[in-house]
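Since the structure comes first, as structure tokens, the remarks are kept for the end.
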Amino acid sequence: MVFRLGRLRNRWYPCTRGLMKKTLPDSLVLLIAFILYLPFLFLGYGSDNDTYNVLWTGFNFVRTLDYVPSRGPGFFVFETIIFFLNRLGGSFLTNLAVMGMSLITLVGFLRLCRQFNVPHHSLLALILAVHPYYWVNSTCTMDYLFGIGFVFLGIVQVLRGKYFTGGAAMALGAGSRATSILIAAGFLIWYFIVQPEARKKLIQTGAATAFFTLVFYLPPADFAEWTTRFLKPTVGGEEYWTPYLRLGRFVYKNIYFWGLLASIMLIWGVALGFFKRRFFSQSGQHGLPVLALVLILVYELFYWGIPTEPAYLLPTIPFWLILMGVAFKPDRRLLYLLLVVVFLANFVSLNVARPNKVNQATGAIYGLWVEPGHLVQDVQTRLVFLRCGNRPCNWEGDVLE
């Protein structure tokens with residue numbers, strides 16, 4: 001009897017564990033994201049003043065037939081698409097287009113993880129979908145996810161063997177937001193190394209990406225009178241960029257981007273991945289975690305040069321999650337904990353520093369405060385903008401609608 005019960009237990013536990021490890025279908029992940037995002041599409045264009053510069057660019061072009069970038073280095077693809085969508089359907093249609101690119105990013109992320117054996121890819125995609133900055137930027141008229149979405153569309157096309165269209169899509173991403181080219185370049189170099197049989201075709205992809213990207217930056221270059229002036233961002237005076245203030249902004253905004261608790265988990269996951277050698281020894285991954293590490297470092301170096309908007313770090317989220325999926329592979333409960341912590345950061349934030357002047361800090365006081373999360377703050381600002389005529393209350397430019 002004892003023997004039979006033991007056999008029964010051994011047969012029951014694997015079944016239970018298998019159910020626990022069963023992944024969500026991709027369609028369900030996308031449906032959850034769609035349901036979460038949909039209500040926010042009706043809250044106007046968004047809370048970022050740069051959005052209204054994009055709208056002004058289209059408005060000004062129709063009036064003067066002169067292209068003036070919304071800001072350097074120019075976002076020609078995004079500005080053009082948004083101009084036409086805004087004319088057709090206002091803020092709802094422009095927000096809907098951005099949400100579509102967000103869902104394409106999730107599809108590309110799922111495809112990349114599945115093809116290269118990243119564990120728990122459905123759970124990782126859910127964490128990506130509910131990240132506070134990803135959630136906010138999936139539901140407003142802003143260019144971050146247009147750039148990332150087109151690049152991930154290009155990655156999917158390359159993985160499907162559609163090399164030319166993959167390059168064209170990546171160029172659309174670079175034309176929407178210049179820094180998106182870093183993901184495209186990193187992926188193509190890595191894929192060239194790990195897939196020798198595809199190298200000739202990848203040259204075609206790289207050439208298409210380079211050619212169309214160059215075309216998309218001709219209008220900003222023409223505006224700058226064919227100098228490199230359009231490539232230089234505006235970051236304020238030197239008084240804001242002493243070594244101490246740069247380091248403070250860089251560290252604080254990296255922590256605030258994920259939230260304090262999630263940041264601790266990321267550090268823990270990276271340490272675990274290195275000490276247990278999980279980033280370098282997993283079969284079927286072809287060094288994808290190494291690519292993720294390199295891309296994170298590249299974007300962090302870029303951010304060190306201009307640590308202003310936390311949203312500049314959006315391209316790093318998929319690659320952080322690839323690392324976490326590999327690092328926490330033996331115990332997915334840690335990923336569930338990360339999901340909960342990231343989700344709650346939309347509504348509640350633990351803040352460790354307050355600047356002496358918002359967006360123009362030359363000092364800060366330190367402590368621990370419980371504040372509204374990034375999603376809550378964004379909605380509050382958008383509601384104020386709606387009451388001011390669907391634009392910032394301090395807007396001094398032309399009427400946009």
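The values are calculated or read from the model by the stated rules, or taken from the named source; none is laboratory data. Keep in mind that this is a model prediction, so the values were computed, not measured. Note that we place each Cβ from the backbone using ideal geometry, even for glycine, and neighbour counts take in every protein chain shown. Surface areas here come from the heavy atoms of the whole protein model, side chains and all, with no ligands, DNA or RNA. Shrake-Rupley method; radii C 1.70, N 1.55, O 1.52, S 1.80 Å.
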Among the numbered conditions (1) in contact (Cβ under 8 Å) with a residue 24 or more places away in the chain; (2) open to solvent by 10 Å² or more (accessible area, probe 1.4 Å); (3) under 19 Å from the mean Cα position of the chain (by Cα); (4) closer than 27 Å to SER281 by Cβ, tell me where ILE317 comes up short. (2)
Taking segment 26-50 as the region of interest, how many residues are open to solvent by 10 Å² or more (accessible area, probe 1.4 Å), part of a helix (DSSP H, G or I) and within 25 Å of PHE75 (Cβ to Cβ)? 4
Might you check whether a residue that is outside any helix (DSSP H, G or I), in contact with a Lys or Arg (Cβ under 8 Å, 6 or more places away or on another chain) and under 18 Å from ILE317 (Cα atoms) occurs anywhere in segment 139-148? yes
Taking the options PHE164, PHE152, PHE192, name whichever one is without any contact (Cβ under 8 Å) to a residue 12 or more places away in the chain and hydrophobic (A, V, I, L, M, F, W, C). PHE192
Looking only at segment 51-80, count every residue that is farther than 13 Å from ARG177 by Cα and open to solvent by 40 Å² or more (accessible area, probe 1.4 Å) and tell me the total. 9
Would you point out which residue out of ALA208, ALA262, ALA271 is modelled with pLDDT of 90 or more, open to solvent by 30 Å² or more (accessible area, probe 1.4 Å), small (Gly, Ala, Ser) and within 24 Å of the chain's Cα centre (by Cα)? ALA271
Looking at the structure I just gave you, is LEU188 more than 28 Å from ARG382 (Cα to Cα), within 16 Å of the chain's Cα centre (by Cα) and surrounded by fewer than 24 Cβ atoms within 10 Å (Cβ to Cβ)? no
Condition set farther than 24 Å from ARG177 by Cα and among the small types (Gly, Ala, Ser), scope segment 274-318, selection modelled with the highest pLDDT: answer is GLY287
Can you name every residue in segment 81-109 that is β-branched (Val, Ile, Thr), closer than 16 Å to GLY46 by Cβ and open to solvent by 20 Å² or more (accessible area, probe 1.4 Å)? ILE81
If you check VAL156 against the conditions, is it within 28 Å of PHE40 (Cβ to Cβ) and in contact with a His (Cβ under 8 Å, 6 or more places away or on another chain)? no
Conditions: (1) more than 19 Å from THR105 (Cα to Cα); (2) open to solvent by less than 30 Å² (accessible area, probe 1.4 Å). GLU197 meets all but one. Number of the miss? (2)
Within segment 159-174, residues open to solvent by 10 Å² or more (accessible area, probe 1.4 Å), part of a helix (DSSP H, G or I) and more than 10 Å from GLY147 (Cα to Cα) come out as LEU159, TYR163, PHE164, THR165, ALA168
Of residues in segment 211-245 being farther than 26 Å from ALA174 by Cα and open to solvent by 50 Å² or more (accessible area, probe 1.4 Å), the one modelled with the lowest pLDDT: GLU239
If I ask for residues that are surrounded by fewer than 16 Cβ atoms within 10 Å (Cβ to Cβ), within 30 Å of TYR244 (Cβ to Cβ), modelled with pLDDT of 75 or more and aliphatic (A, V, I, L, M), which ones from segment 351-401 would you list? VAL352, ILE365, LEU368, VAL370
Taking segment 177-190 and keeping only residues that are in contact with a helix residue (DSSP H, G or I) (Cβ under 6 Å, 6 or more places away or on another chain) and in a helix (DSSP H, G or I), one is left with SER180, ILE181, LEU182, ILE183, ALA184, GLY186, PHE187, LEU188, TRP190
